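Participant: Quick one: this structure, given as structure tokens, is what I'll be asking you about.
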Amino acid sequence: MDLPALPPIDSLRGAFAGRLITDPRDLEPFLVDWRRRYFGRAIAAAIPDTVEGVAAVVRWCAEQRVAVVPQGGNTGMSGAATPDDSGRSVVLSLARLKRVRAIDTVNNSITVEAGCTLAEVRAAAQAAGRLFPLSLPSEGSCTIGGNLSTNAGGVAVLRYGNARELCLGLEVVTADGETWHGLRGLRKDNTGYDLRDLFVGSEGTLGVITAATLKLYPLPAAQVTAMAALDDPHAALRLLEQAQSALGSSLTAFELISDLCLELVAKHFPDHRRPFAQPSPYYVLLETSDSEGEAHATAAFEALMERALDTGIVRDAVVATSGAQSRALWALRELISEAQSATGKNIKHDVSVPISSIGDFVERTNAELAQRFPGIRLVVFGHLGDGNLHYNVSPPVDRCGPEHEAEFLALQPAINRVTHDSVHAFGGSISAEHGLGQLRRDESARYKSAIEMALMRRVKQALDPLGIMNPGKVLPPG
Ligand code: FAD
Ligand code: 2HG
Ligand code: ZN
């Protein structure tokens, strides 16, 4: 397609009130993802203060045939918020749309603008005596717009669902710069196609989310955390079954952690060590949210752990007896990503399989990778209760330095192939919660059927006929 010459940037400056960054040094942080795996180019980063400003930027881009790359906290794992290298993009940062518009404690809902960080939304809910349950280790930086656009998961999906399930309504600036006011606080609404659910999880490829109405829950009377040491993911599944029978919907988190994860955390964050005298191959971090108070929750956990010890499912267990102990256990889990990054470049897989298949998946995939790529280290952790693992790969210990990076990353396609073919064989998904972005875009096309790809392309064509919304993400070009 012949594109018009790039227009003078001053015409965009005049199009909206807010910040426009064009200086290359100031622009740099908007052009790279936090893992430093994707580097793009852009004419400018636009940071409007208002929804009208967002619409004006999108309209300018549509007129000039310039791509719009929405960006929130830039904490995404798939390179989805980084522009391509065409130089024909505007990064549209939502960081200044930060108002909490309304809280309704009878409807149990909160309406917030897209640039509020997840931590700010949780704090606003808490100040009103309510829980907004989405919980990610990146909550201080990621934004609610980014959470919805990636359909983020996190550590409380088991009880409350992912971002999609917590979203009641959306306000969206469409690809032609109009605003759809869909901030309905309704639990039930069967009036045709669900536009909200099209935008959730679309990674900025269909429109720009400017605000959302979200579900709130009562604050739990008590939350208690425990950690169990065990042999393998099969044992973890048996513990999950027992925990669900004993605790029902009070079980809010069930996270698997392999020993290498805790070794890396202890190495890079020496204040955070395993809570057990002896290391075990795997651990599970559990949390219960109890409406009857702390004593009740602790007693239930202790009974569960005693039974699991008696039946040989777990080797050892610890139940936190204070908030500080609970936070220390959670820190071990939440620091894994950073600890693995501190070890050097790694290959990420964010996979889901039916929960009951996780043990077999890990066993078979570990064996095949070990045989094909001797010495590689598997950093396996994640949301076992949702059937979702971060099945990440680090280089062998003696090939960790920057001088070995290129050699290791050259293995990525082959390592992905083994891992993703295994996921597919177990009926799973190659992106459980991080999205496709640029990282898994082409991989995903390999596993989806032709009809699924064709339907997705038709949706894209209908909502973004000019193809300006975050091109090169989710769908392969062409
Ligand atoms: P960005 O990275 O800025 O953008 C992500 C995508 O959303 C891009 O496609 C972008 O174009 C689009 N986008 C952003 N804002 C908008 C908007 N307003 N309208 C339209 N499109 C938009 N993720 C999980 O799911 N679970 C976890 O447990 C988890 N843990 C993490 C832990 C760490 C330490 C880190 C660094 C990341 C973690 N993540 C996790 C990944 C990341 O935090 C989430 O994907 C998050 O939802 C991204 O939000 P963001 O605001 O940073 O979005
Ligand atoms: C988590 O659950 C995140 O901590 C990050 O989803 C996973 O680093 C990762 O691969
Ligand atoms: Zn995760």
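Participant: Give the Cα extents of region 108-177 along the principal axes, in whole Å, largest first.
Facilitator: Per principal axis, max minus min of the Cα coordinates gives 38, 24, 23 Å.
Participant: Leaving out ligands and nucleic acids, and using a 1.4 Å probe, what accessible area per residue does the chain come to in Å²?
Facilitator: For the chain, the solvent-accessible area averages 42 Å² per residue.
Participant: Using DSSP to define loop residues, name the GluC sites (Glu not before Pro) in region 291-354 whose beta-carbon has at most 13 other beta-carbon atoms within 10 Å.
Facilitator: GLU292
Participant: Considering only protein heavy atoms and a probe of 1.4 Å, how much of the accessible area of region 343-423 is carbon and sulfur, as a whole percent?
Facilitator: Carbon plus sulfur share of accessible area: 54 percent.
Participant: Next question. Which percent of the Cα-Cα distances in the chain go past 33 Å?
Facilitator: 39 percent
Participant: Using θ = phi - 60° and the Karplus relation 6.51 cos²θ - 1.76 cosθ + 1.60, list the HN-Hα couplings for region 452-462 in order, rounded to whole Hz, with x at every Gly or Pro.
Facilitator: 5, 5, 5, 5, 4, 5, 5, 5, 4, 4, 5
Participant: Continuing with this model, one more query. Using a/c under 1.5 as the rounded threshold, could you call region 429-478 rounded, prolate or oblate? The axes a ≥ b ≥ c are square roots of the C-alpha gyration tensor eigenvalues, and prolate needs a/b larger than b/c, oblate otherwise.
Facilitator: Oblate.
Participant: Okay, moving on. Once both labels are modelled 7 Å past Cα along the beta-carbon direction, what's the ALA221-ARG372 spacing in nm?
Facilitator: Here the answer is 5.2 nm between the modelled labels.
Participant: Round to the nearest 0.05 the FRET efficiency obtained for ARG99 and ASP421 when R0 = 41 Å and r is the Cβ-Cβ distance.
Facilitator: The calculated FRET efficiency here is 0.30.
Participant: By how many nm would the segment from VAL397 to ILE451 grow when fully extended, if each residue of separation counts as 0.36 nm and the alpha-carbon distance is taken off?
Facilitator: Full extension from VAL397 to ILE451 adds 15.1 nm.
Participant: Carbon and sulfur: what percent of region 212-292's accessible surface (1.4 Å probe)?
Facilitator: Within region 212-292, the accessible surface is 45 percent carbon and sulfur.
Participant: Could you order GLU452, GLU178 so the one with the most accessible surface comes first? Probe is 1.4 Å.
Facilitator: Sorted by accessible area, descending: GLU178, GLU452.
Participant: Going by the alpha-carbon gyration tensor, a ≥ b ≥ c the square roots of its eigenvalues, is region 312-413 rounded (a/c under 1.5) or, if a/c is not under 1.5, prolate (a/b greater than b/c) versus oblate?
Facilitator: It is oblate, given that a/c is not under 1.5 and a/b is not larger than b/c.
Participant: Further, regarding this structure: Can you tell me the orientation of helix 323-334 relative to the chain, as the angle in degrees between its alpha-carbon axis and the longest Cα principal axis, to the nearest 10?
Facilitator: Around 60 degrees separate the two axes.
Participant: A further question follows. Mind listing the phi-derived Karplus ³J(HN,Hα) values for region 343-352, rounded to whole Hz, using 6.51, -1.76 and 1.60 with θ = phi - 60°, and x for any glycine or proline?
Facilitator: Couplings: 7, x, 5, 9, 10, 9, 10, 10, 10, 10 Hz.
The values are calculated or read from the model by the stated rules, or taken from the named source; none is laboratory data. What you see is a predicted model, and the numbers here were worked out from it, not measured in a lab. No Cβ is skipped: glycine too gets one built from the backbone with ideal geometry, and neighbour counts run over all protein chains shown. Quick note on the areas: whole protein, heavy atoms, side chains included, nothing else; ligands and nucleic acids left out. Shrake-Rupley method; radii C 1.70, N 1.55, O 1.52, S 1.80 Å.
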